[in-house]
Amino acid sequence: MKEVYLDNSATTRPLPEVVEAMVASLTDNYGNPSSLHNKGLEAEKILKEARRKIADKLAVLPEEIIFTSGGTESNNLAIKGIAYNFQNRGRHLITTEVEHPSVLESFLALEEEGFEVTYLKADRHGQISLAQLEESITPETILVSIMHVNNELGTIYPLAEIGKLIKEKNPNTFFHADCIQSFGKILLHPASKQLDLLSISGHKIHGPKGIGALYKKKGIELKAQLTGGGQENNYRCGTENVPGIAGLIPALDALPAYTEEKPFDQEMDRLKKHFLKGLKKIKRKVIINSPEDGSPQILNISFPGIKGEVLIHSLAAEGIYVSTGSACHSKSREKSHVLRSIGLSPDVIDGTIRISFSPYNTIEELDYTLACIEKQLKTFF
Ligand SMILES: Cc1ncc(COP(=O)(O)O)c(C=O)c1O
């Protein structure tokens, strides 16, 4: 059976060279990077190379990169690290209603501890209002955290405009972005967006799971969430995940080099446009929830009257892997908070699927998927 993997926002298939680098690290360079002997130095070299490569992609300094266990930890460290460290300056925080649970749950935990949180509303396509953001920033606001690309809808948030607005209204407010769905897919230089902190994850870029990083602008202090042996300049203690970090190196090498002229993945954009064209030919009602100018890799669509979950299982039986709302928590029976927030009715939410591309997908795979969707839809009516 043909296998067509179109759930690349949930995770991506590691590249063969990623697996190779990880195996080499587990078998040969297995030293602890904190050890002083050769084995330790070899491992330390891997850390240094990966740190430099991430820094180069972001146009920042290697010492501004902290390795973590992934996007979830990077988000927790950024949000709680700033909140606890600067609570004497103010206890007001801002985020959006449509963030990933790793962000929302961090804010909920802080709310329980007495912090005040403003959740910005989202419109029909997940976009926020800059006017609401501006109104919400007060002298007490210590942090704004807004994602770069929405993992369910693909909505791109205008971080440069947001950064400018925040710093004009309150230069003491820190700005963090969850860039887990944009890193490697869209041009991303934190300085151009006045970002102080930025989270990334390895497994969304054909790298390993369980490895991520937080960019933290030089000079900003954070309260560490894991204390111990002093690794990562004391911001994130624990022996570094060297095999994961080794695997990141080829994943980073394989990413396209974006420029102002070509600021996003052209190949994925081509795939998305092809898929959209094919969808329009299907003779069933389909609602496109993703904005037209959304990220190239995510397409969120609803087939009203159909159970998305059933469609997903029937597509899986044909070797096609897509997801309902958001795969990060798709096992939960609860309806997606993002789809509720943009005003979809429960019935439409039930009929929603997310298709997410990788530059390694092909037009043939998409045509096969479209034909299978059309075939499956006929069985529903
Ligand atoms: C927007 C966003 N933030 C955070 C995460 C969590 O990243 P990780 O799986 O590396 O913990 C994800 C994962 O899907 C995501 O899409």
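Values in this text are rule-based calculations from the coordinates and carry no lab data. Treat the numbers as computed from the prediction; the structure is a model and nothing was measured. Cβ sites come from the backbone with ideal geometry, for glycine too, and all protein chains shown count toward neighbours.
Highest mean packing first, where packing is the average number of other Cβ atoms within 10 Å per residue, the peptides 84-95, 281-292 line up as 84-95, 281-292. Protection proxy ranking of 142-154, 186-198, 26-38, by the mean of other Cβ atoms within 10 Å over each peptide's residues and highest first, is 142-154, 186-198, 26-38. A convex hull fitted to the Cα coordinates of region 265-381 yields 104 cubic angstrom per residue. Specify which residue in the list Gly114, Gly154, Ala55 is farthest towards the positive end of the charge dipole of the chain, using unit charges on the beta carbon of Lys, Arg (+1) and Asp, Glu (-1), about the Cα centre. Result: Gly154, furthest along the dipole toward the positive end. Under the criterion of Cα pairs below 8 Å and six or more residues apart, the relative contact order for region 16-253 equals 28 percent. Over 24 Å apart: what share of the alpha carbon pairs of region 16-253 falls there, rounded to a whole percent? Everything past 24 Å amounts to 43 percent. Here is the list for region 93-139: GluC sites (Glu not before Pro) lying in DSSP coil, each with at most 14 other C-beta atoms within 10 angstrom of its C-beta, are Glu113.
For region 16-253, a simple Cβ point-charge model (Lys and Arg +1, Asp and Glu -1, everything else neutral) yields a dipole of about 460 debye relative to the Cα centre.
With only the Cα atoms considered, region 150-232 has a convex hull volume of 124 Å³ per residue.
Which residue fluctuates most in the GNM of the chain (Cα springs below 10 Å): Phe303, Phe183, Phe357? Comparing Phe303, Phe183, Phe357 in the GNM, the peak value goes to Phe303.
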